[in-house]
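Student: Input: one structure, supplied below.
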Amino acid sequence: MENKFIIVVVVALFIIALMQLMKVYDLAAKIRGEKSEEKVTRGENIFNANMLIVFMLTYFGFIIWLIFKYGMNGGLFDAASVHGQEIDSLLLFNWWVILPVFFLTNGVLFVFSWKYYYRQERKALYFPHDNRLELIWTIVPAVALSAIVIYGLKTWNDIMFNDQEGAKVVEVYGFQFGWWTRYSGDDNVLGKADYKLITASNPLGVITSENIQNSYNYLDGEVEKINLLLSESKNDEGEYFLSANNVDSLIGRMERFKRQKYRIKSAIDRGDQNDSVYKSANDDVLVQELHLIKDQPYAMKFRSKDVIHCPWVPHLRMQINAVPGMETSFNFTPTTTTQEMRAKPEVIEHYRVINEIHNERLKKLGEKEEKVEFNYLLMCNKICGAAHSNMKMDVVIETAEEFNSWIAEKQTYAQKASE
Amino acid sequence: MAHDAHDHHHKESFITKYIFTQDHKMIGKQYLVTAIIMGGIGIALSALFRLKLGWPDDKFPLLESILGSDAAPDGLLDSNWYLGLVTLHGTIMVFFVLTGGLSGTFSNLLIPLQIGARDMASGLLNMIAYWLFFISSSLMAASLFIETGPAMAGWTVYPPLSVLEEFQPGSGLGMTLWLLSMAVFIASSLIGGINYIVTILNLRTKGMTMTRLPLTIWAFFITAILGVLSFPVLLSCAVLLLMDRGFGTSFYMSDIVTSSGALDATGGSPILYEHLFWFLGHPEVYIILLPALGITSEVISTLSRKPIFGYRAMIGSMLAIGFLSFIVWGHHMFMTGMNPFLGGVFTFTTLLIAIPSAVKVFNYITTIWKGNVIMTPAMLFSIGSVSTFISGGITGIILADSALDISQHDTYFVVGHFHIVMGMTAILAMFAGVYHWFPKLYGKMMNLRMGMVHFWFTIVCGYGVFIPMHFLGEGGMPRRYYENTNFPMFDHFLDLNVLISIFATIGVIAQVIFFFNFIYSSFRGPKASQNPWNANSLEWTTPVEHIHGNWYGELPVVYRWPYDYSKPGKENDFVPQNVPLDADEEEH
């Protein structure tokens, strides 16, 4: 901490010293009568022109160093999904078009500024326009961009309009601050859900006759609690000793619970037919990690309980917002299991480095060492509040056998209800 | 509002001269000073949250002493406050520095001076626009001082996060202040914008046709049109948000459950908000960029002693950029679950913008080619601005591609991209403008050498901060994370984040050079001569001291475009616009 403070102080002192120096320099120059603030001297022109070249070389060098150190995908490895590989090759194509243009245009800008620094004896070329040149640099970018647009849109359409047969339906549900995963079971249909049914025991609001009953009980209980509180908050004359605001908000809440119950009753509850209407929920399984089968197409569905979240799995190049009040979807096929990933030489090497850095940090904090292994992760990529930066869920990609034995141990909604 | 030449003899009180002034030059200075103060706050906030990102495990007692013990107990920044700082940094820099500050200062200063008018079309509206801007700035700054903190939902304040205090503390009073401040700000921009448009269309002096206008004026003109067309949409967007927050409507809300149970709201959609917001939000990018491009055009031509290359192409590309900016907003929303077909359309329109942008860049470079480049601070900043426009624009091609956006959206790649192309380009151009027109603003000269040092610190630190962010983004690191240490997969970036924070700290501290130079020179700088840069445009024909009505006697008459630099057959390497053509001289 002190070190950093010292750095800051040193930088500040450096700047102050610089200013003082300049003042001295200014004064000296003024006394010699050779400068004004309106004329840049020949020396200064040359100095800044040369600095432009030095800067350009440093700037380019910095970028090339970063590319060598961190690679073009910053340690994400080749995409572990079919569409992700398409995105990666599109990205690479774009870089091949873009990077030469970047170095060339920046280079020409700096080199010209350096080469044509001001010399009193020279006169600039009077060259106000040239239709041919302007046509060239309208058409050339247009052609290059056409290639980028066509390739890009083809990839986009491939990814987005990709309704593969036999895709398994899985739902990911975001809330402040975490995720739920719901598997659709053997029927491959997710049971209907409604936010009005959400309670602690039914975090997604999945509709089953049992959940409807639970919601009634919960809402009745809440109404009763508020009623009790209100009646206890009256003195003998029947006046509340709570503040008027408090009373209003309690009554408001109570009314809201009553409305909610009415809305469930009128729009969701089908009485005796509940079990047949909402039967697709029976084989659904609710967990808090995401297991996927290698080479199995998925039709993922996303919803949110409260604010906009954004499920983001960098290694799969999969991202889409989870928006309250609507369902979004993303179809993809994972191609590499977690174990296969861990066995790749580049992953082993990368995680060796990660482990070094990670444990060095833990040591500094006085915490126990731990081994970091490669894991797919689903994280939140849309600002959602205080714990936004810690909203993650493990993703496991495995073989069908591994998946089946894992899911067999989980309870379906029907199994939970019959307990 | 034509003033007679003798107007300046009237004695003015301190209040009418410096505070409730209707003189465009003084109003320009008021905007500039307000923007510099807001800019100081904005970049200081970024330095504070960069401390957390660079050294996630360290405690900084400095933070507690600046922000208070609610925001940084024991010197450890609170995660809600982190988001608050990020939000206010974005809001202040985008709206108060680069919109209000940049166009406010230079449109006010330069429009009447460069078109040959005595003042703005309406001095009174101009004054009102500034004071509304001042009020909104104060409201926004004030939101930093309330207990629950400022707005915390990111500068885009997406609902439902920004609607309920239950979701984050900043969505209470802080968010209310944010909305009020923005409503006042929008009123200010509208009034200002209408004034600029009317002035440019009606008050040009004799001979000043539209194709003899300096490119700065064209830039301000198109900017004002964009603002007038898009800001009202933001206002309606903000009003609906206000209704959702306070009056129980559900424009943006549907099917939401909080800790107090399910809300009544049903039928609304946050996506509607995003559409309305970005319908302003994208033109806003060009409201920021176009004045910057106008300033660099003017400075590069003047200080290369060479006409701007392709004057008409420059105007055409600005018009094209202005038009296209209205049909690209969806590229901010590829990942929202918007219809993928629309995503394709927006990809196409967005990539179209690259064409006029490329034309502009090549024209700048050709202007410098075989020029005679004088390395004043303004010129250096303009070269830097073109460089950042290239460096940041080029990564825009990647982000415009909806398919690539799947792996780049909301990562640090985006942060690096827009800070370079919009933030740095505009702020460097704003500095260029201040250094270049300081003699017109204060009648004094700024210290050239300090300006040069300021430039080198700024460009090195700017690139040092934002170029590495592209690599963080390629590694999948999401933006707006309070800390990345919950994800060991990002641990190899720990040292890169330290590097970024060091550059950021030095870069912010280096701005002290500018503050010092600005304040020192405005009081003690050497007196400027009438036309220190040997420029052609009309503002350099006005007297050095500020007078009401800008010119003694008759208004100047214009005979030529403003870019007759190094014209063959002329003795000087510049020919001001009010010099008549020779008998056998062609215009250009």
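Student: What helices (runs of 4 or more DSSP H) lie completely within the stretch B:328-440 and have 3 or more residues being of a type outside the set (S, T, N, Q) and more than 7 Å from chain A (Cβ to nearest Cβ)?
Tutor: Those helices (runs of 4 or more DSSP H) span B:340-368, B:377-400, B:412-418.
Student: Let me ask you something else. Which of the residues belonging to the stretch A:292-336 are at the interface with another protein chain (Cβ under 7 Å from one of its Cβ atoms), touching a His at 6+ places or on another chain (Cβ under 9 Å) and among the aliphatic types (A, V, I, L, M)?
Tutor: A:Val323
Student: Any residue in the stretch A:365-375 that is open to solvent by less than 50 Å² (accessible area, probe 1.4 Å), farther than 29 Å from B:Phe334 by Cβ and more than 7 Å from chain B (Cβ to nearest Cβ)?
Tutor: no
Student: Just one of the numbered conditions (1) open to solvent by less than 20 Å² (accessible area, probe 1.4 Å); (2) more than 8 Å from chain B (Cβ to nearest Cβ) is not true of A:Leu90; which one?
Tutor: With respect to (1) open to solvent by less than 20 Å² (accessible area, probe 1.4 Å); (2) more than 8 Å from chain B (Cβ to nearest Cβ), A:Leu90 is out only on (2).
Student: Between A:Met379, A:Met341, A:Met393, which is open to solvent by less than 10 Å² (accessible area, probe 1.4 Å) and in a helix (DSSP H, G or I)?
Tutor: A:Met341
Student: Go through the stretch B:526-555 and report how many residues are part of a helix (DSSP H, G or I) and within 14 Å of another protein chain (Cβ to nearest Cβ). Before the answer, list the steps.
Tutor: Narrowing the stretch B:526-555 to residues part of a helix (DSSP H, G or I): B:538-541.
Then drop every residue that is not within 14 Å of another protein chain (Cβ to nearest Cβ), which leaves B:540.
Result for the stretch B:526-555: 1.
Student: Look through the stretch A:344-357, keep the residues that are among the charged types (D, E, K, R) and assigned to a helix (DSSP H, G or I), and return whichever of them is nearest to the other protein chains (Cβ to nearest Cβ).
Tutor: The selected residue is A:Glu356.
Student: Return yes or no: is B:Phe514 buried (at least 21 other Cβ atoms within 10 Å of the Cβ) and either touching a residue at least 24 places away in the same chain (Cβ under 8 Å) or more than 12 Å from chain A (Cβ to nearest Cβ) (or both)?
Tutor: Taking the combined requirement at face value, the residue satisfies it.
Student: Taking only the stretch B:311-327 into account, find how many residues are within 12 Å of chain A (Cβ to nearest Cβ) and over 30 Å from B:Asp564 (Cα atoms).
Tutor: Going through the stretch B:311-327 one residue at a time, the tally reaches 0.
Student: Test B:Val345 against the stated conditions and say whether it is open to solvent by 10 Å² or more (accessible area, probe 1.4 Å) and touching a residue at least 12 places away in the same chain (Cβ under 8 Å).
Tutor: When the stated conditions are applied, B:Val345 passes them.
Student: Among A:Glu134, A:Glu121, which is farther than 29 Å from A:Val285 by Cβ and either touching a residue at least 40 places away in the same chain (Cβ under 8 Å) or surrounded by fewer than 17 Cβ atoms within 10 Å (Cβ to Cβ) (or both)? Walk me through it before giving the result.
Tutor: Numbers: A:Glu134 fails: either touching a residue at least 40 places away in the same chain (Cβ under 8 Å) or surrounded by fewer than 17 Cβ atoms within 10 Å (Cβ to Cβ) (or both).
Of A:Glu134, A:Glu121, the one residue that is farther than 29 Å from A:Val285 by Cβ and either touching a residue at least 40 places away in the same chain (Cβ under 8 Å) or surrounded by fewer than 17 Cβ atoms within 10 Å (Cβ to Cβ) (or both) is A:Glu121.
Student: Something else about it: Take A:Asp248 and decide whether it is in a loop (DSSP other than H, G, I, E, B) and within 14 Å of chain B (Cβ to nearest Cβ).
Tutor: Working: in a loop (DSSP other than H, G, I, E, B): no; within 14 Å of chain B (Cβ to nearest Cβ): yes.
No, not satisfied.
Student: Name the residue, out of A:Glu360, A:Glu401, that is of a type outside the set (S, T, N, Q), assigned to a helix (DSSP H, G or I), within 12 Å of chain B (Cβ to nearest Cβ) and surrounded by fewer than 14 Cβ atoms within 10 Å (Cβ to Cβ).
Tutor: Just a single option satisfies the conditions, and that option is A:Glu360.
Student: Among the listed residues A:Phe68, A:Phe60, A:Phe102, A:Phe110, identify the single one that is more than 10 Å from chain B (Cβ to nearest Cβ), open to solvent by less than 40 Å² (accessible area, probe 1.4 Å) and part of a helix (DSSP H, G or I). Give the steps one after another, and end with the answer.
Tutor: Values: A:Phe68 fails: open to solvent by less than 40 Å² (accessible area, probe 1.4 Å); A:Phe102 fails: more than 10 Å from chain B (Cβ to nearest Cβ); A:Phe110 fails: more than 10 Å from chain B (Cβ to nearest Cβ).
Only one candidate qualifies: A:Phe60.
Student: Moving to a separate point now. State whether one or more residues within the stretch A:160-174 are in contact (Cβ under 8 Å) with a residue 40 or more places away in the chain, among the polar types (S, T, N, Q) and either away from chain B (no Cβ under 13 Å) or not in a loop (DSSP other than H, G, I, E, B) (or both).
Tutor: Yes, some residue in the stretch A:160-174 is in contact (Cβ under 8 Å) with a residue 40 or more places away in the chain, among the polar types (S, T, N, Q) and either away from chain B (no Cβ under 13 Å) or not in a loop (DSSP other than H, G, I, E, B) (or both).
Student: If you don't mind, there's one more thing I want to ask. B:Val453 is checked against (1) at the interface with another protein chain (Cβ under 8 Å from one of its Cβ atoms); (2) open to solvent by 30 Å² or more (accessible area, probe 1.4 Å); (3) more than 28 Å from B:Val157 (Cα to Cα); (4) part of a loop (DSSP other than H, G, I, E, B) and fails just one. What number does that condition carry?
Tutor: (4)
Student: Could you tell me whether the stretch B:556-570 includes any residue that is farther than 16 Å from B:Pro307 by Cα, more than 14 Å from chain A (Cβ to nearest Cβ), surrounded by fewer than 21 Cβ atoms within 10 Å (Cβ to Cβ) and not aromatic (Phe, Trp, Tyr)?
Tutor: Yes, some residue in the stretch B:556-570 is farther than 16 Å from B:Pro307 by Cα, more than 14 Å from chain A (Cβ to nearest Cβ), surrounded by fewer than 21 Cβ atoms within 10 Å (Cβ to Cβ) and not aromatic (Phe, Trp, Tyr).
Student: Please determine, by comparing only the residues of the stretch B:464-507 that are aliphatic (A, V, I, L, M), surrounded by fewer than 21 Cβ atoms within 10 Å (Cβ to Cβ) and out of contact with any Phe, Trp or Tyr (no Cβ under 9 Å at 6 or more places or on another chain), which one is nearest to B:Asp57 (Cα to Cα).
Tutor: B:Leu494
Student: Another question, if that's okay. Return the pair list, or none, for Cβ contacts closer than 8 Å from residues in the stretch A:363-389 that are within 23 Å of A:Ala343 (Cβ to Cβ) to residues that are among the hydroxyl-bearing types (Ser, Thr, Tyr), at least 6 apart or on different chains.
Tutor: Sorted first by the residue in the stretch A:363-389, then by its partner, the pairs are A:Val372/A:Tyr351; A:Glu373/A:Tyr351; A:Phe374/A:Thr338; A:Phe374/A:Tyr351; A:Asn375/A:Thr338; A:Tyr376/A:Thr338.
Student: Give, as residue ranges, the helices (runs of 4 or more DSSP H) completely inside the stretch B:74-182 that count at least 2 residues that are among the β-branched types (Val, Ile, Thr) and under 18 Å from the mean Cα position of the chain (by Cα).
Tutor: B:79-91, B:102-115
Student: Okay, next question. Pick from the stretch A:137-150 the residues that are surrounded by fewer than 20 Cβ atoms within 10 Å (Cβ to Cβ) and in contact (Cβ under 8 Å) with a residue 24 or more places away in the chain: which of them is nearest to the other protein chains (Cβ to nearest Cβ)?
Tutor: Among those residues, the one meeting the criterion is A:Ala144.
Student: Considering only the stretch B:229-253, state which residues are among the hydroxyl-bearing types (Ser, Thr, Tyr) and open to solvent by less than 30 Å² (accessible area, probe 1.4 Å).
Tutor: B:Ser230, B:Tyr252
Student: Right, something else. Count, please, the residues in the stretch B:35-83 that happen to be open to solvent by less than 40 Å² (accessible area, probe 1.4 Å), within 11 Å of another protein chain (Cβ to nearest Cβ) and of a type in the set (Lys, Arg).
Tutor: Looking only at that region, the number is 1.
Student: Given the residues B:Gly261, B:Gly281, which is the only one that is surrounded by fewer than 24 Cβ atoms within 10 Å (Cβ to Cβ), over 18 Å from B:Ile365 (Cα atoms) and within 13 Å of another protein chain (Cβ to nearest Cβ)?
Tutor: B:Gly261
The values are calculated or read from the model by the stated rules, or taken from the named source; none is laboratory data. Predicted model only: the values in this text are computed from it and were never measured. Using ideal geometry, Cβ is built from the backbone for each residue, glycine included, and neighbour counts are taken over all protein chains shown. For accessibility, only protein heavy atoms count, side chains too; no ligands or nucleic acids. Shrake-Rupley method; radii C 1.70, N 1.55, O 1.52, S 1.80 Å.
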